[in-house]
């Protein structure tokens with residue numbers, strides 16, 4: 001199997017498991033969103049996920065996310081980026097300007 005078909009099959013399997021778990025717990029499957037964590041993944045795998053229709057991605061580093069996603073944001077108007085994990089205070093302004101959501105906990 002090629003990378004795109006492997007990724008498409010894996011994403012479909014995850015979405016199916018989410019739907020089954022949602023239904024079993026009395027939730028509507030469409031009320032749950034899948035955030036694909038793209039940190040450390042090579043660009044061909046990210047592109048393959050985008051080709052499947054995945055539009056919500058999580059990154060844990062501000063500068064790497066900006067480098068990876070700035071051009072892609074122009075191509076995918078429905079892209080939603082989330083900062084996940086710790087955030088250094090000196091990068092907070094950049095994170096607020098770039099990400100659609102920040103999901104982080106303070107360690108103190």
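The values are calculated or read from the model by the stated rules, or taken from the named source; none is laboratory data. Source: prediction; values computed, not measured. We place every Cβ from the backbone using ideal geometry, glycine too, and count neighbours over all the protein chains shown.
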Legend entry - Residue check, residue 73 part of a helix (DSSP H, G or I), under 24 Å from residue 101 (Cβ atoms) and within 15 Å of the chain's Cα centre (by Cα): yes
Inset, instruction - Please indicate, with yes or no, whether at least one residue in segment 38-48 is part of a loop (DSSP other than H, G, I, E, B), in contact with a strand residue (DSSP E or B) (Cβ under 6 Å, 6 or more places away or on another chain), modelled with pLDDT of 95 or more and surrounded by 11 or more Cβ atoms within 10 Å (Cβ to Cβ). - result: no
Legend entry - Residue tally, condition in a helix (DSSP H, G or I) and under 25 Å from residue 100 (Cα atoms), over segment 23-37: 3
Inset, instruction - Filter segment 76-99 down to the residues that are surrounded by fewer than 11 Cβ atoms within 10 Å (Cβ to Cβ) and within 22 Å of residue 42 (Cα to Cα), then identify the one that is farthest from the chain's Cα centre (by Cα). - result: 77
